[in-house]
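Quick notes on the structure that follows.
The values are calculated or read from the model by the stated rules, or taken from the named source; none is laboratory data. What you are looking at is a predicted structure, and each value in this text was computed from that prediction instead of being measured. Here Cβ is always computed from backbone atoms with ideal geometry, including for glycine, and neighbour counts include all displayed protein chains. These accessible areas exclude ligands, DNA and RNA; they are computed on the full protein's heavy atoms, side chains included. Shrake-Rupley method; radii C 1.70, N 1.55, O 1.52, S 1.80 Å.
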Amino acid sequence: MTVNSTRVAFILMLLVCLIWGAEYVLVDLAIEVLPTHSFNTIRFTIAALSLLPLLWFSKEKIPDGKHLTLLGTGSLLGLLLFIGFYTQTEGLLFTSVSNAGFITALVVPLVPLLGLILLGIKRPLPVWIGVACATIGLYYLTIGDNLEFNKGDLLVLICAFAFSLHIIITGKVVGNLPIIPLSLIQLTSVAIYSGIAALLSSGPLINGHSDSVSDGVQLLLSPIIISALLVAGILGSGFATWAQASSQRLLQPHQIALIFASEPIFAWFFAWLFLGEKLGTQGIIGAGMIIIGMLISELGDRSPKGKKSKRGEHTVKVKPLEHLASSD
């Protein structure tokens, strides 16, 4: 199962951001019962299992001599996901949701910046203008005048770097490795890392229950926990990991990062729809700047696609997003 259209890739990534924006409330409620490592262990186990049917019906084959490369790359990407999800969730214990949302969204400027520093990938000026516009929009959308740093912000900043590196590395390897096996190894790795961390942690595996096994099972089988694990596992992790890897065969890393900037917009939308929260003038301005930043970056990016860079970076031919309405 492959993605062969930039339009489909763009829609897939927007759908991923919509899912992430919608699952915040469920995950927040689930974390009250399941500590971070326990929740992520179950979440990513479900995510890995959800990809097994795709692996079974997939025609993708692992190239000869690529088995160890696939295992190593998938394990590394899984480690970055593990670090990102853990530090983001733990950071929320010490910082506000607004701070965490903005700092996590720093992947927007970090991806092209780290790409330049680590790989020497240069982007045209409009890309940087669009990135700056989207970053300012994220600030207005999530924080405004309430930015106060605390110890949780450092954890979330680590999360932003981990997710940025994950996007960059994914962009380099997806052209040479099968997508579904790569995604499956990533998800399995996160589940293993989280399970080890849960066992080594001094805290309980499940919060607020006695030593009775039946009490723990009863908590795990509550509708909120089941819903959170299924939505976050199958859609927010399994589908999202496959969709990102597939889309990055057609979209460049900085494009993926800019699309990710739409996640807070979807989060605000669902907060308004289900919780009655109002976005306000400042939030509307921020959301508008994010959209404008995405358009400026994409419409102004006329760098050659489908060629190797000076350092041999593998890229694929990418159609500009203004053609999404007409491409097949």
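Results, tabulated for the structure shown:
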read-out: Selected residue [outside any loop (DSSP other than H, G, I, E, B) and either modelled with pLDDT of 80 or more or in contact with a Cys (Cβ under 8 Å, 6 or more places away or on another chain) (or both)] from Gly101, Gly65, Gly78; value: Gly78
read-out: Region 1-27, residues that are open to solvent by 50 Å² or more (accessible area, probe 1.4 Å) and aromatic (Phe, Trp, Tyr); value: Tyr24
read-out: Some residue of region 123-144 being at positive phi, at pLDDT 80 or above and open to solvent by 30 Å² or more (accessible area, probe 1.4 Å); value: no
read-out: Selection count, region 74-91, where residues are under 14 Å from His166 (Cα atoms) and surrounded by fewer than 21 Cβ atoms within 10 Å (Cβ to Cβ); value: 4
read-out: Residue match in region 97-119 (condition: out of contact with any helix residue (DSSP H, G or I) (no Cβ under 9 Å at 6 or more places or on another chain), more than 21 Å from Phe163 (Cα to Cα) and surrounded by fewer than 22 Cβ atoms within 10 Å (Cβ to Cβ)); value: no
read-out: Qualifying position, being closer than 21 Å to Ala197 by Cβ, part of a helix (DSSP H, G or I), open to solvent by less than 50 Å² (accessible area, probe 1.4 Å) and modelled with pLDDT under 85, among Ala30, Ala48; value: Ala30
read-out: Every residue from region 193-214 that is at pLDDT 85 or above and either in a loop (DSSP other than H, G, I, E, B) or among the hydroxyl-bearing types (Ser, Thr, Tyr) (or both); value: Tyr193, Ser194
read-out: From Val217, Val190, residue being in a helix (DSSP H, G or I) and at pLDDT 80 or above; value: Val190
read-out: Hits in region 21-58 - residues which are within 18 Å of Ser183 (Cα to Cα), of a type outside the set (A, V, I, L, M) and in contact with a helix residue (DSSP H, G or I) (Cβ under 6 Å, 6 or more places away or on another chain); value: Asn40, Thr41, Arg43, Phe44, Thr45, Ser50, Ser58
read-out: Hey, Gly233 assigned to a helix (DSSP H, G or I), among the small types (Gly, Ala, Ser) and out of contact with any Lys or Arg (no Cβ under 7 Å at 6 or more places or on another chain) or not; value: no
read-out: Residue identified as farther than 23 Å from Ser247 by Cβ, assigned to a loop (DSSP other than H, G, I, E, B) and touching a Gly at 6+ places or on another chain (Cβ under 6 Å) among Thr41, Thr95; value: Thr95
read-out: Tally, over region 150-196, of residues that are open to solvent by 20 Å² or more (accessible area, probe 1.4 Å), farther than 30 Å from Ser58 by Cα and aliphatic (A, V, I, L, M); value: 5
